[in-house]
Amino acid sequence: MMELNEIKKIWNENDLLKEKQQVNDQRIKDTLKNKGESALAKLIKIAKFYVIAEIPLGLLFCLISYNFFKAGGYYMICPLALLLSCFLLEPLQIYLYRLLKAIDFSRMTVKEVSEKILKYQDILQKYKMYGMIFFVVFVGIWLYLYYKLTFGSKIIEGFIIYIIVIYLIGLIAIPWLYKKLYFNNINRIKENLKELKEFEEL
């Protein structure tokens with residue numbers, strides 16, 4: 001009888017240890033998921049902002065370029081081209097937003113989340129590359145037209161220096177903003193997924 005009671009006691013202790021281990025494992029898993037969800041939430045906020053703001057920003061730029069419309073002719077092409085780009089890019093912004101919103105750490109496997117994040121990262125890398133080219137070409141054309149419209153054929157050294165400074169700031173700021181707003185959060189999610197995978201394999 002004593003042996004049976006001891007066996008029951010050991011059995012109950014083992015069950016209790018298993019329950020505690022399961023609770024601890026779940027807590028660790030939830031903590032890891034929360035870290036990933038926090039970085040994902042930031043990316044979703046940024047994507048939502050661009051879905052809402054992209055076309056209004058294009059319209060605002062047209063307002064800033066009011067003198068171009070007053071001048072007429074080929075001057076109008078520049079702001080209208082940007083506005084058209086905003087309309088054409090809106091479906092992409094919506095797609096990126098939906099891609100991020102579809103990620104659910106609680107229902108999806110590490111592999112499924114990884115596939116979506118890598119897809120998002122790949123699109124963003126291309127978006128950044130084309131964005132840099134667009135910045136160099138479009139800003140160059142816009143500043144040239146603005147210079148011609150404002151000063152004609154005069155050489156204004158101060159304004160030329162101003163143009164160079166804008167280019168330098170843009171070429172430094174754009175990659176920095178992409179890293180700060182996007183890639184840092186993507187890397188946090190990827191690190192988090194790696195930790196989750198390692199934890200699940202234990």
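The values are calculated or read from the model by the stated rules, or taken from the named source; none is laboratory data. Here the structure is a predicted model, which means the values were calculated and not measured. Cβ coordinates were reconstructed from backbone atoms using ideal geometry, including for glycine residues, and neighbour counts include every protein chain displayed. SASA here: full protein model, heavy atoms, side chains in, ligands and nucleic acids out. Shrake-Rupley method; radii C 1.70, N 1.55, O 1.52, S 1.80 Å.
Checked against (1) open to solvent by 80 Å² or more (accessible area, probe 1.4 Å); (2) touching a Gly at 6+ places or on another chain (Cβ under 9 Å); (3) modelled with pLDDT under 90, PHE87 passes all but condition (3). Each residue in region 100-117 was checked for being touching a residue at least 24 places away in the same chain (Cβ under 8 Å) and either within 25 Å of PRO175 (Cα to Cα) or open to solvent by less than 30 Å² (accessible area, probe 1.4 Å) (or both), and 8 pass. Filter region 76-106 down to the residues that are under 26 Å from ASN192 (Cα atoms) and part of a helix (DSSP H, G or I) and list them by number. Once the filter is applied, which keeps residues that are under 26 Å from ASN192 (Cα atoms) and part of a helix (DSSP H, G or I), region 76-106 yields GLN93, ILE94, TYR95, LEU96, TYR97, ARG98, LEU99, LEU100, LYS101. Please verify whether PHE183 is under 25 Å from ILE44 (Cα atoms), within 17 Å of the chain's Cα centre (by Cα) and either modelled with pLDDT of 85 or more or surrounded by fewer than 14 Cβ atoms within 10 Å (Cβ to Cβ) (or both), treating the condition exactly as stated. Yes; evaluated as a whole, the condition is true for this residue. Hey, can you tell me all the residues within region 90-112 that are farther than 14 Å from TYR50 by Cα, in contact with a Leu (Cβ under 9 Å, 6 or more places away or on another chain) and modelled with pLDDT of 85 or more? Listed by number, the list holds a single entry, ILE103. Of the residues making up region 37-70, those that are open to solvent by less than 60 Å² (accessible area, probe 1.4 Å) and of a type in the set (A, V, I, L, M) are ALA39, LEU40, ALA41, LEU43, ILE44, ILE46, ALA47, VAL51, ALA53, ILE55.
Taking the criterion of being outside any loop (DSSP other than H, G, I, E, B), more than 21 Å from GLY131 (Cα to Cα) and of a type outside the set (A, V, I, L, M, F, W, C), the residues of region 144-186 that qualify are TYR146, TYR147, LYS148, THR150, GLU157, GLY158, TYR162. Restricting attention to region 126-161, the residues that are loosely packed, with under 13 Cβ neighbours inside 10 Å and of a type in the set (Ser, Thr, Tyr) total 4. For region 71-84, residues that are surrounded by 14 or more Cβ atoms within 10 Å (Cβ to Cβ) and either of a type outside the set (A, V, I, L, M, F, W, C) or on the phi > 0 side of the Ramachandran plot (or both) total 2.
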